[in-house]
Amino acid sequence: MKQRIMSGMRPTGKLHLGHYLGVIDNWVKLQDEYDCYFSVADWHALTTKYDKTENLRNDILDVVMDWLACGIDPDKATIYVQSLVPETAELHIYLSMITPQNWVERDPTLKDMAKILKTKEGMGTQINYGLMGYPVLMTADILTFNADLVPVGIDQVAHVELTRDIVRRFNNVYNTDFFKEPQPKLNNCSLICGLDGNKMGKSFNNDIKISDSAEITAKKVMTAITDRSRMRKDDPGHPDECEVAFKYWKIFGRVNEGVNEVETVRCECEKGLRGCADCKRQLGAKINERMAKIRERRTYYEQHPELVEKIIREGSAKARVEAQKILAEVRKLVKMY
Ligand code: TRP
Ligand code: SF4
């Protein structure tokens, strides 16, 4: 029996290289070895954007297209949309009964979100009830499939810890060992910074999208920060102080016929044999090389949205079958009618 993996992403629209290198590429490797459930968490999106749902449907499609383009294979992994598996909402209710309020109140991610919300207009200082339940809903996602492992970034580990607490409590209250305590599985991959050296993010305008064309990618790469102390192109450069471009080289550079591209760049840079503009032109080409297949696949899915819809429908139906089995057991344990 394969171990089971569950993970998810909120539908934030077109994803960027941070998502690809930090999360999706990891999922692609896991899908061969594990029984995987990958969810587009549209209810989680509602916790903060309940009043901005016009683009929700498109954002979901964009996320799934990016997953498929990056190599998530619906024949290996189950791709689904959270709200198409309503069993998760039912499970969320049971879990909400056994979760002490102060467990969710001490959630660090929630505190951050609350801070951001406070600075927005409208909500004032209020947090809605649904947002308070964010980590419990995530727990419901994971337990809907009684997963063994949850691959997430470091920022989500606290949520998986809470899941473990809730599992212990559920098992205790209902005198069972039905739910497994899932383990967080840290994505062990290169964190890519944004073009300006800060964390890559959609709202910071410093990202390269998975769906960006080769031309746009090349253009964006030309804006990447380099060694700020360098004035002329034949000045000796300092790759380790080259804030963005050299870091990207370390991610995208290859060993080609025994020649390590990254070391070549380092050497030429330090000797002043390589100008930054040329360096970034090459880098752009390098990134485009890596992304070519992915873009090709994405274009294909963009031209066949009905195929993406079908994958979502079928994946969600499949997820639901499994979810119904789990929920039947949970209803029994809770002694519902
Ligand atoms: N909260 C996660 C995030 O913001 C997304 C998510 C929703 C998730 N449900 C999940 C992650 C279940 C792992 C498991 O990134
Ligand atoms: Fe960075 Fe390349 Fe310029 Fe060196 S030549 S500082 S590695 S961009």
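The values are calculated or read from the model by the stated rules, or taken from the named source; none is laboratory data. Just so we're clear, the structure is a prediction, and the values are computed from it rather than from any experiment. Ideal geometry is used to build each Cβ from the backbone, glycine not excepted, and the neighbour counts take in all protein chains shown. Calculation scope for accessible area: heavy atoms of the full protein, side chains included, ligands and nucleic acids excluded. Shrake-Rupley method; radii C 1.70, N 1.55, O 1.52, S 1.80 Å.
Structure summary
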item: Pair list, Cβ < 6 Å and 6+ apart or interchain, from region 279-291 residues that are of a type in the set (K, R) and away from ligand 1 (no atom under 16 Å from the Cβ) to residues that are in a helix (DSSP H, G or I) and open to solvent by less than 70 Å² (accessible area, probe 1.4 Å); result: K280/V221; K280/A245; K286/F252; R290/F252
item: Filter result for N188 (at pLDDT below 95, away from ligand 1 (no atom under 16 Å from the Cβ) and in the same structural domain as R164 (by TED's automatic domain parsing)); result: yes
item: Per-region count, region 60-107, residues over 14 Å from the mean Cα position of the chain (by Cα) and in a helix (DSSP H, G or I); result: 22
item: Failed item in (1) within 13 Å of ligand 2 (Cβ to nearest atom); (2) open to solvent by 30 Å² or more (accessible area, probe 1.4 Å); (3) within 22 Å of the chain's Cα centre (by Cα), with R297 passing the rest; result: (1)
item: Filtered residues of region 104-114 (kept if within 15 Å of L162 (Cα to Cα) and either surrounded by 14 or more Cβ atoms within 10 Å (Cβ to Cβ) or aliphatic (A, V, I, L, M) (or both)); result: V104, D107, T109, L110
item: Unmet requirement for F204, which otherwise passes all of (1) buried (at least 16 other Cβ atoms within 10 Å of the Cβ); (2) among the aromatic types (F, W, Y); (3) outside the structural domain of G153 (by TED's automatic domain parsing); result: (1)
item: Some residue of region 80-98 being open to solvent by less than 20 Å² (accessible area, probe 1.4 Å) and within 18 Å of E296 (Cα to Cα); result: no
item: Selection status of S229, within 16 Å of ligand 1 (Cβ to nearest atom) and on the phi < 0 side of the Ramachandran plot; result: no
item: Test: K219 is within 16 Å of ligand 2 (Cβ to nearest atom) and open to solvent by 50 Å² or more (accessible area, probe 1.4 Å); result: yes
item: Odd one out for E306 among (1) without any contact (Cβ under 8 Å) to a residue 24 or more places away in the chain; (2) in a loop (DSSP other than H, G, I, E, B); result: (2)
item: Lone qualifier among V157, V173, V152 - being within 9 Å of ligand 1 (Cβ to nearest atom) and β-branched (V, I, T); result: V152
item: Residues within region 19-59 that are in contact with a strand residue (DSSP E or B) (Cβ under 8 Å, 6 or more places away or on another chain), assigned to a helix (DSSP H, G or I), more than 9 Å from ligand 1 (Cβ to nearest atom) and not polar (S, T, N, Q), tallied; result: 4
item: Checking A319 against (1) within 16 Å of A245 (Cα to Cα); (2) assigned by TED's automatic domain parsing to the domain that holds E87, the condition it does not meet; result: (1)
item: Those residues of region 303-334 which are of a type in the set (D, E) and either open to solvent by 90 Å² or more (accessible area, probe 1.4 Å) or in contact with a Gly (Cβ under 8 Å, 6 or more places away or on another chain) (or both), in sequence order; result: E306, E314
item: Selection status of Q101, surrounded by 21 or more Cβ atoms within 10 Å (Cβ to Cβ) and closer than 22 Å to M132 by Cβ; result: no
item: Scan of region 149-196 for residues that are assigned to a loop (DSSP other than H, G, I, E, B) and buried (at least 18 other Cβ atoms within 10 Å of the Cβ), ordered by number; result: F179, P182, N187, I192, G194, L195
